[in-house]
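Engineer: Can you read through this structure? Questions will come right after.
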Protein chains: 2
Amino acid sequence: MTSNPIKLGIVGVGKIVRDQHLPAVAKNGDYQFTAAASRHGKVDGIPNYPGIEAMLAAEPGLEAVSLCMPPQFRYDAARAALEAKKHVFLEKPPGATVSEVEHLKALAEKNGVSLFASWHSRYAPAVEAARAFLASARLTSAAINWKEDVRRWHPNQEWIWEPGGFGVFDPGINALSIATHILPPMFITSAVLDFPENRAAPVAAHVAFRTSNGLPVTMELDWLQTGPQSWDILAETDKGKMVLSGGGAKLAIDGKIVHDEPEAEYPMLYKRFAEIVRAGTSDVDLAPLQHVADAFMLGKRNVVEAFFD
Amino acid sequence: MTSNPIKLGIVGVGKIVRDQHLPAVAKNGDYQFTAAASRHGKVDGIPNYPGIEAMLAAEPGLEAVSLCMPPQFRYDAARAALEAKKHVFLEKPPGATVSEVEHLKALAEKNGVSLFASWHSRYAPAVEAARAFLASARLTSAAINWKEDVRRWHPNQEWIWEPGGFGVFDPGINALSIATHILPPMFITSAVLDFPENRAAPVAAHVAFRTSNGLPVTMELDWLQTGPQSWDILAETDKGKMVLSGGGAKLAIDGKIVHDEPEAEYPMLYKRFAEIVRAGTSDVDLAPLQHVADAFMLGKRNVVEAFFD
């Protein structure tokens, strides 16, 4: 174990990297940002490569990589990095199938490096407070409402509508990453997925879960929400009604705000990644992805109006 | 540990129970067939109940249950049985979602009883010989071809076309239960699922896998195959071309039949179940179900001609 900065490369320089990864890494002394690889994007002031293979070949000193390309292309890059004995940070979702991420986990172990399946929403500021509240109360039901405007948050992102791009489950998996962290274990009992007639991924989903102790949890995902956006988890308990809103930023109990602070999700993610690298462990919880797979398997498909960006 | 016969109840008395479970149990001295529960079916000579709750209440001496109702209804019955501290045999597929079976596994452990997620095709006569052959050879590619006539094998089984009924993956999961036993670990890279315009489950599927060491495996599932039926797994190796046909019954290498004997899948399943009950262990491999969930998540949906029985 060393406390020297971890030499980090980032692969797939798009919107999320510019908005979140670069500022988080820049402010974190645990890292030395060493190189970037991307087909289109470039980062100023460091070497840039057209792809991960070129970066790995030219930068033997790299110790870790963050993989931020669309999930359909993440496995090959992760495999190349793990086989080159680099620690790997996977943006969410960690892959296009559950099985491929299970393989990556085994591969990380075999190569003695760390794998981090990151779920940024789990690090939203009020999530731990919500978890503590629910651990102290008796839950009777919960509802997940995640309603946003895809045109605003994912303008012209074609990959997200392709098979493996998850559609409305791309934001929905953020909700699930929080729900699986704060609620009891649960499983899907029914689901309806709305597919636009011209798209291969759903634009809305209506999902019913049951917790392992028999309580109902509903999830409503909608990608055509204009006006106010909702990223809320509500829970009815014997200690009052909990509302975790703003994607995990704000917590209220019976209408009284008990937790509200600015988000720092990506800084927390990079803090966590450095922790597991230094500790020689991995952090790969696939429950959110498993629920998405189960929703697609069990869900009834409903064809709705065509979607155009 | 006792070697007294295990007092067994069977729930969901339909075609598979009459054709397979009852004859297998009758011939196996490890079991005392004690009761049956079913909404419609009845078994002569033993007490019959309308459902598992009534059976569990009236038969406190029961030690184990086999659950053979459609997968959409299996979780509640399994939960009731496990909480009553009965060992549980799950017909395939073990549930309608991966997550629910993970919960059952935890529940079995908590209650100190055995859970068996049975995959009958894994016990087809030539499967172990195929596995041994592939372990001794260098694989270059494999192909799974599972083509049968749904009207012949599942006449008017409406549940199989409902969400959670799996459609053509109901037989396809048999193929996967063999493939995941004899081939290297693999994951899906692309899939196309053909849904009849009037049904909620696919009638055909075209799936591409890659093994963890990079080899291609294809899977073709078709439920409209009339004439000769195909339940074959083919593998190209440095020691010749392997053909495992007849759903695992017959093995040929370069055209020469090396293994061909009558099937005894369900007798083997009940032998295995008695083994794990006596040993106090569980046997729950979810890889076949995981691949189906992944296929639904990653797969492109294609709408095809309506299906009528």
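Engineer: Please go through the range B:253-306 and give me each residue that is within 24 Å of the chain's Cα centre (by Cα), part of a loop (DSSP other than H, G, I, E, B) and away from chain A (no Cβ under 14 Å), ordered by number.
Structural biologist: B:Glu261, B:Pro262, B:Glu263, B:Ala264, B:Gly280, B:Thr281, B:Ser282, B:Val284
Engineer: Another question, then. Quick test for you: out of A:Asp194, A:Asp170, pick the one residue that is within 14 Å of A:Val150 (Cβ to Cβ), assigned by the TED database to the domain that holds A:Ser245 and outside any helix (DSSP H, G or I). Explain how you work it out, then say what you get.
Structural biologist: Details: A:Asp170 fails: outside any helix (DSSP H, G or I).
Result of the check over A:Asp194, A:Asp170: A:Asp194.
Engineer: For the list (1) under 23 Å from B:Ala293 (Cβ atoms); (2) within 14 Å of chain B (Cβ to nearest Cβ); (3) not acidic (Asp, Glu), I need the number of the one condition that A:Lys110 fails.
Structural biologist: The failed condition is (1).
Engineer: Also, quick follow-up: Given B:Pro262, B:Pro216, B:Pro267, B:Pro228, which one is surrounded by fewer than 16 Cβ atoms within 10 Å (Cβ to Cβ) and within 27 Å of B:Ala26 (Cβ to Cβ)? Steps first, please.
Structural biologist: Working: B:Pro216 fails: within 27 Å of B:Ala26 (Cβ to Cβ); B:Pro267 fails: surrounded by fewer than 16 Cβ atoms within 10 Å (Cβ to Cβ); B:Pro228 fails: within 27 Å of B:Ala26 (Cβ to Cβ).
When all the criteria are applied, what remains is B:Pro262.
Engineer: Further, regarding this structure: Identify all residues within the range B:173-191 that are within 9 Å of chain A (Cβ to nearest Cβ) and part of a loop (DSSP other than H, G, I, E, B); write none if there are none. Working first, answer last.
Structural biologist: Narrowing the range B:173-191 to residues within 9 Å of chain A (Cβ to nearest Cβ): B:185-191.
B:Pro185, the sole residue that qualifies.
Engineer: A:Ala205 - would you say it is out of contact with any helix residue (DSSP H, G or I) (no Cβ under 6 Å at 6 or more places or on another chain), part of a helix (DSSP H, G or I) and either modelled with pLDDT of 95 or more or of a type in the set (A, V, I, L, M) (or both)? Give the steps one after another, and end with the answer.
Structural biologist: Details: out of contact with any helix residue (DSSP H, G or I) (no Cβ under 6 Å at 6 or more places or on another chain): yes; part of a helix (DSSP H, G or I): no; either modelled with pLDDT of 95 or more or of a type in the set (A, V, I, L, M) (or both): yes.
Considered against the rule, which asks whether it is out of contact with any helix residue (DSSP H, G or I) (no Cβ under 6 Å at 6 or more places or on another chain), part of a helix (DSSP H, G or I) and either modelled with pLDDT of 95 or more or of a type in the set (A, V, I, L, M) (or both), A:Ala205 comes out as no.
Engineer: Among B:Trp153, B:Trp119, which is the only one that is surrounded by fewer than 20 Cβ atoms within 10 Å (Cβ to Cβ), within 17 Å of the chain's Cα centre (by Cα) and either in the same structural domain as B:Lys15 (by the TED database) or on the phi < 0 side of the Ramachandran plot (or both)?
Structural biologist: Going through B:Trp153, B:Trp119 in turn, the sole match is B:Trp153.
Engineer: Taking the range B:192-203 as the region of interest, how many residues are more than 12 Å from chain A (Cβ to nearest Cβ) and either open to solvent by 10 Å² or more (accessible area, probe 1.4 Å) or of a type in the set (Phe, Trp, Tyr) (or both)?
Structural biologist: The number of residues fulfilling the criteria is 2.
Engineer: From A:Ala129, A:Ala143, grab the single residue that is modelled with pLDDT of 95 or more, over 30 Å from B:Ala295 (Cβ atoms) and of a type outside the set (Val, Ile, Thr).
Structural biologist: Details: A:Ala143 fails: over 30 Å from B:Ala295 (Cβ atoms).
Only one candidate passes the filter, namely A:Ala129.
Engineer: Of all residues in the range A:29-48, how many are open to solvent by 30 Å² or more (accessible area, probe 1.4 Å) and part of a loop (DSSP other than H, G, I, E, B)? Can you show your working first?
Structural biologist: First, the residues of the range A:29-48 that are open to solvent by 30 Å² or more (accessible area, probe 1.4 Å): A:29-30, A:32-33, A:39-40, A:42, A:44-48.
Going one step further and asking which of them are part of a loop (DSSP other than H, G, I, E, B), we end up with A:29-30, A:39-40, A:42, A:44-47.
Looking only at that region, the number is 9.
Engineer: Which of the numbered conditions does B:Ser66 fail, given that it passes all the others? Conditions: (1) more than 13 Å from every other protein chain (Cβ to nearest Cβ); (2) among the small types (Gly, Ala, Ser); (3) not in a strand (DSSP E or B).
Structural biologist: Going through (1) more than 13 Å from every other protein chain (Cβ to nearest Cβ); (2) among the small types (Gly, Ala, Ser); (3) not in a strand (DSSP E or B) one by one, B:Ser66 breaks only (3).
Engineer: Open to solvent by 50 Å² or more (accessible area, probe 1.4 Å), in contact (Cβ under 8 Å) with a residue 24 or more places away in the chain, in contact with a Pro (Cβ under 9 Å, 6 or more places away or on another chain) and not assigned by the TED database to the domain that holds A:Gln157: which single residue out of A:Glu91, A:Glu102 fits that description? So that I can check it myself, show each step before the final result.
Structural biologist: Details: A:Glu91 fails: open to solvent by 50 Å² or more (accessible area, probe 1.4 Å).
None of the others qualify; the one that does is A:Glu102.
Engineer: Next question, about the same structure. Out of B:Ser212, B:Ser245, report the one residue that is under 22 Å from the mean Cα position of the chain (by Cα) and not aromatic (Phe, Trp, Tyr). Don't jump to the end; show me each part of the working.
Structural biologist: On the way: B:Ser212 fails: under 22 Å from the mean Cα position of the chain (by Cα).
Only one candidate qualifies: B:Ser245.
Engineer: Of the residues that sit in the range A:127-167 and are part of a helix (DSSP H, G or I) and basic (Lys, Arg), which one is farthest from the other protein chains (Cβ to nearest Cβ)? Show your work before the answer.
Structural biologist: Residues of the range A:127-167 that are part of a helix (DSSP H, G or I), as a first pass: A:127-136, A:150-153, A:158-161.
Among the residues that remain, those that are also basic (Lys, Arg) are: A:131, A:151-152.
Numbers: A:Arg131: 20, A:Arg151: 23, A:Arg152: 25 Å.
The extreme case among them is A:Arg152.
The values are calculated or read from the model by the stated rules, or taken from the named source; none is laboratory data. For clarity, every value in this text was computed on a predicted model and none was experimentally measured. Backbone-built Cβ (ideal geometry, glycine too); neighbour counts: all protein chains shown. Calculation scope for accessible area: heavy atoms of the full protein, side chains included, ligands and nucleic acids excluded. Shrake-Rupley method; radii C 1.70, N 1.55, O 1.52, S 1.80 Å.
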